[in-house]
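*Asks:* Pasting a structure below so you can have a look.
Read the figures in this text as sums done on the coordinates, not as results from a lab. What you see is a predicted model, and the numbers here were worked out from it, not measured in a lab. Cβ sites come from the backbone with ideal geometry, for glycine too, and all protein chains shown count toward neighbours.
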Amino acid sequence: MKKFLCGLILFAGAILLATPFVEARIAPLRVVFISGSAEYESDKTMPILKKYLESKYPSLVNMVTAKGDDLPGLEAIDKCETVVLFTRRLKVQGEQLERIKKYCTSGKPLVGIRTASHAIQTFLELDQEVFGGNYKGHYKDGPLTQVELIASEKTQQILSGVTAFKSKGSLYKNTGLAKDVNIMLYGSADGKTEPIAWTREYKKGRIFYTSLGHQKDFEEESFLRLMTNAILWSAQRTPRTK
């Protein structure tokens, strides 16, 4: 019996060694996407990011979509690893407002896209307090924004596979960020330059924000890669190389 068991173990080991691309099972990333930026059609663009993320990393994405100023299903943020926020000036009230405030201000991972700097009209302090931003409106529409990368050891994981590109979205005014942010992207348009993506640690939680997020950005491979890397980074997951 012992010889049989030993032989069986050796046989199983040989199969594993002979099988290419064998890897340990990875627990799926539990992430919540909060969509509610009608101006940028987040209800159409966030599913694009969801599909891309799921193609690159085992993920369980829960979509919370705004119905007016209501966010049905928001309780999902209580049991996720990270949140991706893309809403615009929602007048959230009551229990939902308290739930968002509790999540965002308790040191949990958060990823913000474009209008997330003014995501909740009843919680505008989110921008400076948590994201470390300083949103002061935007420059005129029209000129394409040239996206430039700031490569460093700190930005390596998030910028992996990302190359410079042009965005159709107008340039946000964000000069005067918190002193502890780590800028990784600048945008230039019509002679103006502004920081357009950065990270920060807030109460030990990993925070990422970008003012990119125009509809056309979601057709850009580098933007989707940037966002996927940022989501994984925020949750302290290691992106795959392919």
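*Asks:* Here are Glu98, Glu81, Glu75, Glu39: which of them is in contact with a Pro (Cβ under 8 Å, 6 or more places away or on another chain), surrounded by fewer than 21 Cβ atoms within 10 Å (Cβ to Cβ) and among the charged types (D, E, K, R)?
*Replies:* On the way: Glu98 fails: in contact with a Pro (Cβ under 8 Å, 6 or more places away or on another chain); Glu75 fails: in contact with a Pro (Cβ under 8 Å, 6 or more places away or on another chain); Glu39 fails: in contact with a Pro (Cβ under 8 Å, 6 or more places away or on another chain).
Just a single option satisfies the conditions, and that option is Glu81.
Matching residues to (1) in contact with a strand residue (DSSP E or B) (Cβ under 8 Å, 6 or more places away or on another chain); (2) touching a residue at least 12 places away in the same chain (Cβ under 8 Å); (3) not aliphatic (A, V, I, L, M):
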| site | (1), (2), (3) |
| --- | --- |
| Lys108 | yes, yes, yes |
| Ser117 | yes, yes, yes |
| Ile120 | yes, yes, no |
| Glu125 | no, no, yes |
| Tyr135 | yes, yes, yes |
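*Asks:* Please work out if Thr122 is surrounded by fewer than 22 Cβ atoms within 10 Å (Cβ to Cβ), polar (S, T, N, Q) and assigned to a helix (DSSP H, G or I). Show your work before the answer.
*Replies:* Details: surrounded by fewer than 22 Cβ atoms within 10 Å (Cβ to Cβ): yes; polar (S, T, N, Q): yes; assigned to a helix (DSSP H, G or I): yes.
Judged against the criteria, Thr122 is a match.
*Asks:* Here is a follow-up. Any idea which of (1) over 18 Å from the mean Cα position of the chain (by Cα); (2) buried (at least 23 other Cβ atoms within 10 Å of the Cβ) is the one Arg89 doesn't satisfy?
*Replies:* With (1) over 18 Å from the mean Cα position of the chain (by Cα); (2) buried (at least 23 other Cβ atoms within 10 Å of the Cβ) applied to Arg89, the lone miss is (2).
*Asks:* Can you find, within the stretch 214-242, the residue that is surrounded by the most Cβ atoms within 10 Å (Cβ to Cβ) among those that are small (Gly, Ala, Ser) and more than 15 Å from Ala164 (Cα to Cα)?
*Replies:* Initially, the stretch 214-242 is screened for residues small (Gly, Ala, Ser), giving 222, 230, 234-235.
Adding the requirement that they be more than 15 Å from Ala164 (Cα to Cα) leaves 230, 234-235.
Numbers: Ala230: 29, Ser234: 23, Ala235: 20.
Per the criteria, the residue is Ala230.
*Asks:* Of everything in the stretch 79-106 that's in contact (Cβ under 8 Å) with a residue 60 or more places away in the chain and of a type outside the set (Val, Ile, Thr), which residue is nearest to Ser59 (Cα to Cα)? Full working, then the answer.
*Replies:* Filtering the stretch 79-106 for residues in contact (Cβ under 8 Å) with a residue 60 or more places away in the chain gives 81-82, 84, 86, 105-106.
This time we only want the ones that are of a type outside the set (Val, Ile, Thr), so: 81, 86, 106.
On the way: Glu81: 11, Phe86: 19, Ser106: 24 Å.
Selected residue: Glu81.
*Asks:* If a residue must be surrounded by fewer than 21 Cβ atoms within 10 Å (Cβ to Cβ) and of a type in the set (Ser, Thr, Tyr), how many such residues does the stretch 159-169 contain? I'd like the intermediate steps shown before the answer.
*Replies:* Let us first name the residues in the stretch 159-169 that are surrounded by fewer than 21 Cβ atoms within 10 Å (Cβ to Cβ), namely 160-161, 163-166, 168.
With of a type in the set (Ser, Thr, Tyr) added as a condition, the list becomes 160, 163.
Qualifying residue count for the region: 2.
*Asks:* Another question about this same structure. Search the stretch 44-69 for residues that are touching a residue at least 40 places away in the same chain (Cβ under 8 Å) and pair each with any residue that is of a type in the set (Val, Ile, Thr) and in a helix (DSSP H, G or I) when their beta-carbon atoms are under 8 Å apart and the residues are at least 6 apart or on different chains.
*Replies:* Leu49/Thr228; Tyr52/Thr228; Leu53/Thr228; Leu53/Ile231; Lys56/Thr228; Tyr57/Thr228
*Asks:* Could I ask something else about it? Can you go through Arg225, Arg237 and tell me which one is touching a Phe, Trp or Tyr at 6+ places or on another chain (Cβ under 9 Å), in contact (Cβ under 8 Å) with a residue 24 or more places away in the chain and assigned to a loop (DSSP other than H, G, I, E, B)?
*Replies:* Values: Arg225 fails: assigned to a loop (DSSP other than H, G, I, E, B).
Exactly one residue qualifies, and that residue is Arg237.
*Asks:* Being in contact (Cβ under 8 Å) with a residue 24 or more places away in the chain, over 12 Å from Trp198 (Cα atoms), of a type outside the set (Val, Ile, Thr) and not in a loop (DSSP other than H, G, I, E, B) is the filter here; which residues of the stretch 144-171 pass it?
*Replies:* The answer is Gln146, Glu148, Gln157, Phe165, Ser167.
*Asks:* Which residues, counting only those in the stretch 98-119, are within 22 Å of Glu39 (Cα to Cα), hydrophobic (A, V, I, L, M, F, W, C) and assigned to a helix (DSSP H, G or I)? Walk me through it before giving the result.
*Replies:* First, pick out the residues of the stretch 98-119 that are within 22 Å of Glu39 (Cα to Cα): 100, 110-119.
Going one step further and asking which of them are hydrophobic (A, V, I, L, M, F, W, C), we end up with 100, 110-111, 113, 116, 119.
Across the stretch 98-119, the qualifying residues are Ile100, Ala116.
*Asks:* Give just the number: which of (1) touching a Leu at 6+ places or on another chain (Cβ under 9 Å); (2) surrounded by fewer than 24 Cβ atoms within 10 Å (Cβ to Cβ); (3) not charged (D, E, K, R) does Ile196 not satisfy?
*Replies:* So Ile196 meets the others, but not (2).
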